[in-house]
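To start, the structure under review is shown below, and the notes come after it.
The values are calculated or read from the model by the stated rules, or taken from the named source; none is laboratory data. Only a predicted model underlies this, so the values are computations on that prediction, with no experimental measurement involved. Glycine gets a Cβ as well: all are built from the backbone with ideal geometry, and neighbour counts include every protein chain shown. Ligands, DNA and RNA are stripped out before the accessible areas are found, and what is left, the full protein with its side chains, is counted by its heavy atoms. Shrake-Rupley method; radii C 1.70, N 1.55, O 1.52, S 1.80 Å.
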Amino acid sequence: MSGPGVTAQVKLQSSMLNSFNGFSGIGSPFNINASVVNPFKNLPSALSPLITGAAQLIIHPLEYGSMFQDRAGTIPVTESGQLVGHVLDVGGGNFHATAVSDAARGIFYADTGTGGVRIRYNGVNTAYQTPVLPAPGVDKAQVFFSMTRHNSSFGMIVELSPNSGTYNGSLAIFEGGTYQARSRGTSTVTAIQSGTQSRWTKEGITALFDISGRLIRLRKNGTQIASSTESQGTGNYNSFGEFRLNLGARQNGSFYLAGDSWRTLGPITRFSAANATEDQIAAAEAYYT
Amino acid sequence: MMTRVFIIPAAYRDAGNKMATTMGWGGDVFVQPLSSDGNEPITHWGFPAVVSEELIQTWNNPPKKAAEIVAATYTDTRKGDDTAAHWYDVLEEKGLTMFVAEDENSIIANPEISQ
């Protein structure tokens with residue numbers, strides 16, 4: 001076989017192989033073979049810097065073709081105002097998100113004025129989950145999203161595990177007055193934004209977690225708003241491969257989020273052995289700007 | 001688009017969730033605990049949802065086994081897509097408040113470090 005198309009495919013797969021030492025999400029697909037499907041074929045190109053060094057990458061874009069009205073994922077979302085039951089993960093691991101019931105589906109909106117796309121969490125019963133994630137085998141994580149919060153009731157934006165306060169290897173972002181970023185190796189630490197949180201204002205939030213490095217950093221619109229260097233204990237995230245990502249509520253059906261999530265169903269969540277580079281953070285934050 | 005609020009007495013909650021699963025809703029739907037003052041004891045459970053005419057007809061014409069559950073459930077339907085606004089309007093009309101648990105595992109109770 002020859003020609004520019006085939007050569008390009010081989011080069012892409014080689015770079016993916018170099019980027020994925022230790023990747024546990026999709027087995028061992030990296031034969032240099034033109035027939036191997038690129039697991040990132042639907043990843044927005046602006047987010048491709050996040051692939052390098054990622055042990056696990058979960059992204060649910062609010063894009064036509066990725067969203068479905070039913071939880072089974074058979075009826076596409078085709079226009080603004082439709083319910084969203086299922087959203088594909090384009091981060092390479094197929095950790096698709098599904099509404100916890102038909103009644104829990106949020107509504108997708110495409111704003112004609114700004115062109116922004118969002119999903120509304122109603123603060124009462126809107127919630128989504130991924131399947132149980134395999135253990136990523138790492139103790140660092142980065143979470144990125146853009147949110148318009150509607151009220152100050154405690155709302156869970158994302159939680160890895162049924163309860164980040166009690167399950168080892170958990171993390172969470174929630175907001176109830178101000179944003180809080182929580183991480184637990186074997187000890188729970190929460191970094192809390194001081195001051196007051198705006199309502200009905202779209203903001204980009206970044207949380208950077210490092211268990212062994214004893215660090216949590218919380219950023220809003222690129223500026224740090226909270227941090228902690230307290231000990232989170234030891235261990236990796238989701239050490240035993242038992243946890244789902246819960247989006248919009250705690251797994252037991254509490255702390256329902258009232259707000260609009262922009263461009264993605266819930267946060268981009270990345271697990272890695274090394275902290276994200278400044279370029280990677282900038283790429284993710286720019287995606288939400 | 002239409003929204004409907006469903007509220008069921010606490011004693012019927014498990015049966016209501018089972019019925020919803022049988023109807024194909026996919027999971028527990030009566031997820032919001034309610035009482036007159038937001039404290040225990042919880043007297044009702046409810047939820048709002050976007051509904052179709054088909055679903056309304058199915059609900060209004062239940063099989064014999066589900067008739068008691070349907071009869072026990074308060075529903076209110078309106079046009080629109082704002083499930084939250086509808087939900088809070090109904091709670092106000094019915095004199096009900098959402099209950100928020102604060103147990104030792106709750107977010108509020110856990111130690112917090114801030115900067």
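Structure above, values below:
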| quantity | calculated |
| --- | --- |
| Residue ranges of strands (runs of 3 or more DSSP E) in the range A:172-286 with at least 1 members open to solvent by 10 Å² or more (accessible area, probe 1.4 Å) and more than 24 Å from A:LEU50 (Cα to Cα) | A:188-192 |
| Per-region count, the range A:122-138, residues away from chain B (no Cβ under 14 Å) and either open to solvent by less than 20 Å² (accessible area, probe 1.4 Å) or closer than 30 Å to B:TYR88 by Cα (or both) | 4 |
| Residue that is exposed (fewer than 14 other Cβ atoms within 10 Å of the Cβ), within 13 Å of another protein chain (Cβ to nearest Cβ) and out of contact with any Phe, Trp or Tyr (no Cβ under 8 Å at 6 or more places or on another chain), where the choices are B:GLU92, B:GLU54 | B:GLU54 |
| Residue match in the range A:227-236 (condition: under 15 Å from the mean Cα position of the chain (by Cα) and either at positive phi or within 14 Å of chain B (Cβ to nearest Cβ) (or both)) | no |
| Residue within the range A:101-108 that is closer than 26 Å to A:GLN56 by Cα, open to solvent by 10 Å² or more (accessible area, probe 1.4 Å) and either not in a strand (DSSP E or B) or not aliphatic (A, V, I, L, M) (or both) present | yes |
| So A:PHE95, is it open to solvent by less than 30 Å² (accessible area, probe 1.4 Å) and either away from chain B (no Cβ under 12 Å) or part of a loop (DSSP other than H, G, I, E, B) (or both) | yes |
| Residues (within 14 Å of chain A (Cβ to nearest Cβ) and open to solvent by less than 40 Å² (accessible area, probe 1.4 Å)) located in the range B:63-75 | B:THR73 |
| Failed item, numbered, when A:VAL77 is tested on (1) open to solvent by 10 Å² or more (accessible area, probe 1.4 Å); (2) within 14 Å of another protein chain (Cβ to nearest Cβ) | (1) |
| Criterion violated by A:TYR121 - all others in (1) more than 30 Å from A:ALA273 (Cβ to Cβ); (2) in contact with a Phe, Trp or Tyr (Cβ under 9 Å, 6 or more places away or on another chain); (3) not in a strand (DSSP E or B) satisfied | (3) |
| Count of residues meeting criterion [assigned to a loop (DSSP other than H, G, I, E, B) and either open to solvent by 40 Å² or more (accessible area, probe 1.4 Å) or closer than 30 Å to B:GLY24 by Cα (or both)] in the range A:40-52 | 3 |
| Subset of the range B:54-88 (residues that are in a strand (DSSP E or B) and over 25 Å from B:PRO33 (Cβ atoms)) | B:LYS79 |
| Residue in the range B:19-28 that is open to solvent by 10 Å² or more (accessible area, probe 1.4 Å) and more than 27 Å from A:ASP70 (Cα to Cα) present | no |
| Residue list for the range A:56-68, filter: open to solvent by less than 50 Å² (accessible area, probe 1.4 Å) and over 25 Å from A:PRO136 (Cβ atoms) | A:MET67, A:PHE68 |
| So A:ALA72, is it in a loop (DSSP other than H, G, I, E, B) and either within 20 Å of A:ASP260 (Cα to Cα) or at pLDDT 95 or above (or both) | yes |
